[in-house]
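These notes concern the structure reproduced below.
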């Protein structure tokens, strides 16, 4: 016997992502369909087993425990200075890109040709000021890390 009921609704129920209307259909359907009721029981059992497996902390000495410890050790062992430099470098590049893109779109504003050179100089000066402020702050932060 092959029921034509949408099996995806059963999975949605197991994942706790079912819509209220679908829940009503499922509840009514499993009252008379033994095949779907059995499938729902199997899916829920599997879901519970998976939850139990992943909720347990790995046992000391197991491969999962060793992998978890190794990953934690690697993450905590990263050089804080290098992470800070990377984050600040990305921030400065992003800021420069934003300013550069702003200048590109200014040409579409009426009268922008007259202001173009002044705006480019202003943006360049603002970028230089931003870089000097960030470098100053980075220097202070780096001094505190030593």
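The values are calculated or read from the model by the stated rules, or taken from the named source; none is laboratory data. Keep in mind it's a predicted model, so treat the numbers as computed, not measured. Because the Cβ atoms are built from the backbone with ideal geometry, glycine has one as well, and the counts that use them run over all protein chains shown.
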Of the residues 82, 49, 69, only one is in a helix (DSSP H, G or I), modelled with pLDDT of 70 or more, out of contact with any helix residue (DSSP H, G or I) (no Cβ under 9 Å at 6 or more places or on another chain) and loosely packed, with under 12 Cβ neighbours inside 10 Å; which?
49
Restricting to region 1-33, name every residue that is surrounded by 14 or more Cβ atoms within 10 Å (Cβ to Cβ) and assigned to a loop (DSSP other than H, G, I, E, B).
5, 6, 18, 33
